[in-house]
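Undergrad: A single structure is presented below for examination.
The values are calculated or read from the model by the stated rules, or taken from the named source; none is laboratory data. Note that this is a predicted model, so its numbers are computed, not measured. Cβ atoms come from the backbone with ideal geometry, glycine included; neighbour counts cover every protein chain shown.
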Amino acid sequence: MNFNADDNTGIERIINRLVCLNCYSIYNLITQTPKEDLICDKCSSTLEKRLGNDKKLIKKNFFSY
């Protein structure tokens, strides 16, 4: 699958992701925010940033081709 986006857009989307560790719903602080800060809309559990969503690590893993 191919995506057409510049590196900065991709990185910003990745580092702003949130996940519900209970029901695994995905949110984004820019494009798909939860109704209540850091609370899952579906199950009311706490949302967390994914481990490894660091700019340096993302650049190394995804943009070092």
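Undergrad: Out of curiosity, is Asp7 among the charged types (D, E, K, R), in contact with a helix residue (DSSP H, G or I) (Cβ under 9 Å, 6 or more places away or on another chain) and at negative phi?
TA: Values: among the charged types (D, E, K, R): yes; in contact with a helix residue (DSSP H, G or I) (Cβ under 9 Å, 6 or more places away or on another chain): yes; at negative phi: yes.
Answer is yes for this residue.
Undergrad: What pairs come up if the first residue lies in segment 44-56 and is on the phi < 0 side of the Ramachandran plot and small (Gly, Ala, Ser), the second is modelled with pLDDT of 70 or more and not in a strand (DSSP E or B), and their beta carbons are under 8 Å apart, counting only those six or more places apart or on different chains?
TA: Taking only residues 6 or more apart or on different chains, the pairs are Ser45/Leu21; Ser45/Asn22; Ser45/Cys23.
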